[in-house]
């Protein structure tokens, strides 16, 4: 198929970089994951080489400068893929956290995440999804997201316990299962009502993050 804009033909490419995210033609996110994995691996090496002369508090700040931005930027978009594709990033994050803590290369990392108040890789996605859902529930998203999610009361008039819950779309393919329209409602329903109903986004972020960190002890 030939595409053109104002008479200029647009060539087809396997991958394109848009706002810092590598988008491949099949939305596997392999190119983006490969790109940031290389950068994180390099930065973990840098952090390790200087770790012996720095206190853990400074190493933690370097983690947020050298590693965390790559893991968190648009995470709930490109991290919506198969676990096998994300495994390298999970391992790299654990390696970085061990360096921050000055722990051995085989140390169990859950206590380290808890000690330094850090979100695990998959919790970053949950956190960002929760923020999106909060913005939707409190009408903080642009108007084009109106009606993006449906509640039970939008489908039927019966007042049941689940009538106020958002409904996930029917997903007949993995690509739909990875979408926020499928994952968003389940993440939102897992958040305590007292956190859902806080009046400000900043307060929600603080409480929800603390809630996720506290959940590390159970993982």
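The values are calculated or read from the model by the stated rules, or taken from the named source; none is laboratory data. This structure is a prediction, so every number in the text was calculated from the model and none was measured. Reconstructed Cβ throughout: ideal geometry from the backbone, glycine too, with neighbour counts over all protein chains shown.
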- Query: Just to be sure, is residue 35 in the same structural domain as residue 113 (by TED's automatic domain parsing), closer than 28 Å to residue 174 by Cβ and free of Cβ contacts under 8 Å to residues at least 40 places away in the same chain?
  - Reply: yes
- For residue 59, indicate whether it is farther than 19 Å from residue 122 by Cα, modelled with pLDDT of 95 or more, in the same structural domain as residue 30 (by TED's automatic domain parsing) and surrounded by 15 or more Cβ atoms within 10 Å (Cβ to Cβ). yes
- Among (1) at pLDDT 90 or above; (2) surrounded by 15 or more Cβ atoms within 10 Å (Cβ to Cβ); (3) over 26 Å from residue 28 (Cβ atoms), residue 185 falls short only on (3)
- Restricted to the stretch 1-33, and to residues that are assigned to a helix (DSSP H, G or I) and touching a strand residue (DSSP E or B) at 6+ places or on another chain (Cβ under 7 Å), which residue is surrounded by the fewest Cβ atoms within 10 Å (Cβ to Cβ)? 30
- Query: Do we find that residue 86 is in a helix (DSSP H, G or I) and buried (at least 16 other Cβ atoms within 10 Å of the Cβ) in this structure?
  - Reply: yes
- Message: Regarding the stretch 135-142, can at least one residue be identified that is outside the structural domain of residue 174 (by TED's automatic domain parsing), out of contact with any strand residue (DSSP E or B) (no Cβ under 6 Å at 6 or more places or on another chain) and in a helix (DSSP H, G or I)?
- Response: no
- Hey, does the stretch 96-117 have a residue that's modelled with pLDDT of 90 or more, part of a helix (DSSP H, G or I), buried (at least 18 other Cβ atoms within 10 Å of the Cβ) and outside the structural domain of residue 80 (by TED's automatic domain parsing)? no
- Message: Being farther than 17 Å from residue 90 by Cβ and out of contact with any helix residue (DSSP H, G or I) (no Cβ under 9 Å at 6 or more places or on another chain) is the filter here; which residues of the stretch 21-41 pass it?
- Response: 25, 26, 31
- Task: Go through the stretch 34-76 and count every residue that is touching a strand residue (DSSP E or B) at 6+ places or on another chain (Cβ under 7 Å) and in a helix (DSSP H, G or I).
- Result: 1
